[in-house]
1. Are any residues in the range B:1-53 more than 35 Å from the chain's Cα centre (by Cα), within 20 Å of B:Ile223 (Cα to Cα) and among the charged types (D, E, K, R), and if so, which ones?
2. Please find, among B:Tyr349, B:Tyr379, the residue that is farther than 17 Å from B:Leu328 by Cα, assigned by TED's automatic domain parsing to the domain that holds B:Ser416 and over 14 Å from the mean Cα position of the chain (by Cα).
3. For the range B:28-36, check the following and say yes or no: at least one residue is surrounded by fewer than 24 Cβ atoms within 10 Å (Cβ to Cβ), farther than 22 Å from B:Ser192 by Cα and not charged (D, E, K, R).
4. When the range B:127-150 is examined, which residues are found to be open to solvent by 40 Å² or more (accessible area, probe 1.4 Å), within 14 Å of chain A (Cβ to nearest Cβ) and modelled with pLDDT of 85 or more?
5. Within the range B:135-186, track down each residue that is in a loop (DSSP other than H, G, I, E, B), among the β-branched types (Val, Ile, Thr) and farther than 18 Å from B:Thr7 by Cα.
6. So A:Gln61 fits all but one of (1) within 7 Å of chain B (Cβ to nearest Cβ); (2) modelled with pLDDT under 90; what number is the exception?
7. If a residue must be at pLDDT below 80 and either in contact with a strand residue (DSSP E or B) (Cβ under 7 Å, 6 or more places away or on another chain) or over 14 Å from B:Thr132 (Cα atoms) (or both), how many such residues does the range B:177-187 contain?
8. In the range B:115-126, what count of residues is obtained for those that are facing chain A (nearest Cβ under 7 Å) and open to solvent by less than 10 Å² (accessible area, probe 1.4 Å)?
Amino acid sequence: MSHPTHDTRQYLLRLYVAGQTPKSISAFANLKNICEEHLQGRYQIEVIDLLINPTLAKDEQIFALPTLIRKLPEPVIKIIGDLSNTERVLVGLDIKVLAPEHGLKNAQP
Amino acid sequence: MQHLLKTPTGIKGLDEITDGGLPKGRPTLICGGTGCGKTLLAMEFLVRGATQFNEAGVFMSFEEKPEELSSNFASLRFDLNDLIDQKLLSIDHVKLEPSEIEITGDYDLEGLLIRLDYAIDSIGAKRVVIDTLEVLFFGLNDEDLLRSELRRLFSFLKSKGVTAIITAEQGEKTFTRFGLEEYVADCVIFLSHSVSHQIATRRIRIVKYRGSAHGTSEYPFLIDEQGFSVIPISELTLDHPASNERISTGILRLDTMLGNKGYFRGSSVLVTGTSGTGKSSLAAHFVNASCARGERCIYFAFEESQNQIIRNMHSIGINLNQWVEQGLLKFQNTRSTLYGLEMHLVVMYKLIDEFKPSSVILDPISNLVETASKPEVKYMLSRLIDHLKTQEITALCIDLTSSKEEKEGTDINISSLMDTWLLLQIMQGSGERNRGLYILKSRGMAHSNQVREFILMDDGIQLRDVYIGSGGVLTGSDRDNQQAKDKAEYLESKQEIERKQREIERKKAMIEVQIASLQNQFEAEKEDLLRLINKEKLRNELLLQDQLDMSKLRQADPTPKSSNSSEGSYQ
């Protein structure tokens, strides 16, 4: 609740997937929607296919797919799944929402 | 049907009880409680694979970090970093912090498979370890998903053709807490770590091995600075070789008692006796003789330290230290209570396999009872003796009998396992305790039935005959006394005889003197008589002549001379 209204931080998000699976496609779509709604203009999404860059899986400590890593702002945060549960994604990525009904949830992490 | 291919683990004993190793190209589950050695077994599988079979391996760790693994295994002389540099090992630590995991929708564990796949392909691994999968259950908390993903993981491993070890924590009533055994149908190995009599024993058991013969017993195993060793305790077999070769007991007269040659090579010898009867000294003689022949010997001592034994044997003139220095004699001094019976067995087997002795001493086996029940000790000893016999190693077991009542028995009832049984006993009397030795049995050879007195001298054991005579069986100073007395008696009677003989001589001489004087007397009388006779004859002749002269003068008729002349000729 320290930044009640304006979050101006830039988000760098990396989505790790393994090929074009239904889960990876829906994860990307879900992420895109959330970002458009809550982080318009201050986010960047990189999709990394581990089938092409398998070494990154070890380097980034990835075991479940899809995995989303928030590289920025610090600290680095990792969340798992196809991002279909928007509420959990917002909590997980620590995205301040403007709508008042989400205000209580924000205090939790 | 195709023969089941196996991947040897290279771990001492494990390949024997699995009849060749783990199922090749398939996962094996290793389960057990905390601290039972799962991780060690798994890692050793990879290290031995790399060093002995030139097969690279991947270690996927959910618990320990590579640095932790390296330092843990450095104490076991496994240089993991070196193997990693040689591309024979790859360690991948999967960090799973349940508190940091936020699930936002459907997912799978493809990431793990990608990591494994990459790690396997990058070094051409043939062996894989996953240690331990349970962490996933704690971290992800979605059993249904995990179960389907695990199935996928196992089929992935099979498709990669790697021989894998999956470790899992023991469950309360199941082998693994999350029932992983249902996915791994080929081979399940269970490790346990039990404590009885306050002594811990590690055991390994092959719960299941599809399509393969395997030992079903619980086998004790040991973790020491050389890693894991399982001792394949063979079932009791009676097909060991029987040598005809005889070896000296180290005591000449004892050899004589044992058919003039000593023990059979590869036989088991039991020496029983109460405390202080000289059992260890007897053993030391045997050790000394063995080493002098250039043979190796291990002395398992459960009571005394190496230095103590060497010092004590020095006092009877046996220098064991020289054999230790020459590498022929090895002492293994352990308190019998240090670890469980099976661990003792494991340690012994291991040492025997390494040192390859021709003979071993167990001093005393009775101490082992402290750690277990008598039937267990008997079972253990029979396995040990069995093992020694198959390798033609002569075993000399010392048994301290506690009570005097049961002299012809052992506290552990192992006499039936023994080929030769020497009994040392105290013979008490006249305020003395003397040691006696006799052979209770000795299979396959003629042996003395005599009790011998057994004396510890500066230069070793001496066997002496016991006194068997008018005074009964005597030993020690009694025997010496009796012998002195006998000797005195003998001397006395000998002198008596000599005295009598001298008397005879004297009498004979005396009589001879008498005879001589009588002879002289006789000669003298004879001479006198002869002289008289001659005188008479002369007189008669003169008389006759006178008569002839007279008759001539008187011119008488000639008269017959016969009556007169015959008188004279008779003298």
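1. Hit for the range B:1-53 is B:Lys38, nothing else.
2. B:Tyr379
3. No: the range B:28-36 contains no residue that is surrounded by fewer than 24 Cβ atoms within 10 Å (Cβ to Cβ), farther than 22 Å from B:Ser192 by Cα and not charged (D, E, K, R).
4. Residue satisfying the conditions is B:Ser148 alone.
5. B:Thr174, B:Thr176
6. Unmet condition: (2).
7. Counting residues in the range B:177-187 that are at pLDDT below 80 and either in contact with a strand residue (DSSP E or B) (Cβ under 7 Å, 6 or more places away or on another chain) or over 14 Å from B:Thr132 (Cα atoms) (or both) gives 7.
8. Summing the residues that are facing chain A (nearest Cβ under 7 Å) and open to solvent by less than 10 Å² (accessible area, probe 1.4 Å) in the range B:115-126 gives 1.
The values are calculated or read from the model by the stated rules, or taken from the named source; none is laboratory data. Given the structure is predicted, the values throughout are model-derived calculations rather than measurements. Backbone-built Cβ (ideal geometry, glycine too); neighbour counts: all protein chains shown. Accessible surface areas use protein heavy atoms only, side chains included; no ligands, DNA or RNA. Shrake-Rupley method; radii C 1.70, N 1.55, O 1.52, S 1.80 Å.
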